[in-house]
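Presented below is the structure to which this report refers.
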Amino acid sequence: MASAGSNISRLEVLEGPTGRRNWPDEVKAQIVAESFEPGVKVSAVAHRHGLTPQHLTGWRRAVREGRLILPSAGEEPFAHLVVGDLRTAEHEDQSRCGAISIETGGIVVRVPADISAARLGDIVRVLRIT
């Protein structure tokens, strides 16, 4: 390993993957979902999967911004989409036209149809917590 006359005082062996890795979105989403569990520390999840906490925090930000979708854990869907007949909508209250209605747990939230996806995601996230 060492040639004659060279002095090697220390040899470091790196364990595990080195360099840049390409994580599939499904794997990222599973790791992020694990980090969102109650009582779990981001740093512990990151180290368990060979990541830095900063890297995992970036993935968590991507979820909050809607750039990464978390897997559903076999749960019922959060909301059902119901599409009605347009002729029926004409006879309903005019204030409801051009709006999105979200109904959950006895709460009805109506937002304008042109709401940004990020803002709508914030509202849905709050409704899931309550």
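Taken over the range 113-127, the criterion of being over 18 Å from R61 (Cα atoms) and surrounded by 10 or more Cβ atoms within 10 Å (Cβ to Cβ) is satisfied by I115, L127. So, G5, is that one loosely packed, with under 11 Cβ neighbours inside 10 Å, part of a loop (DSSP other than H, G, I, E, B) and at pLDDT 90 or above or not? The answer is no for G5.
Mind checking which residues of the range 9-67 are in contact with a Leu (Cβ under 8 Å, 6 or more places away or on another chain) and under 30 Å from S116 (Cα atoms)? Passing the criteria: D25, K28, A29, I31, V32, A33, S35, F36, V42, W59, A62, V63.
The values are calculated or read from the model by the stated rules, or taken from the named source; none is laboratory data. Quick caveat, the model's predicted, so the values are computed rather than measured. Using ideal geometry, Cβ is built from the backbone for each residue, glycine included, and neighbour counts are taken over all protein chains shown.
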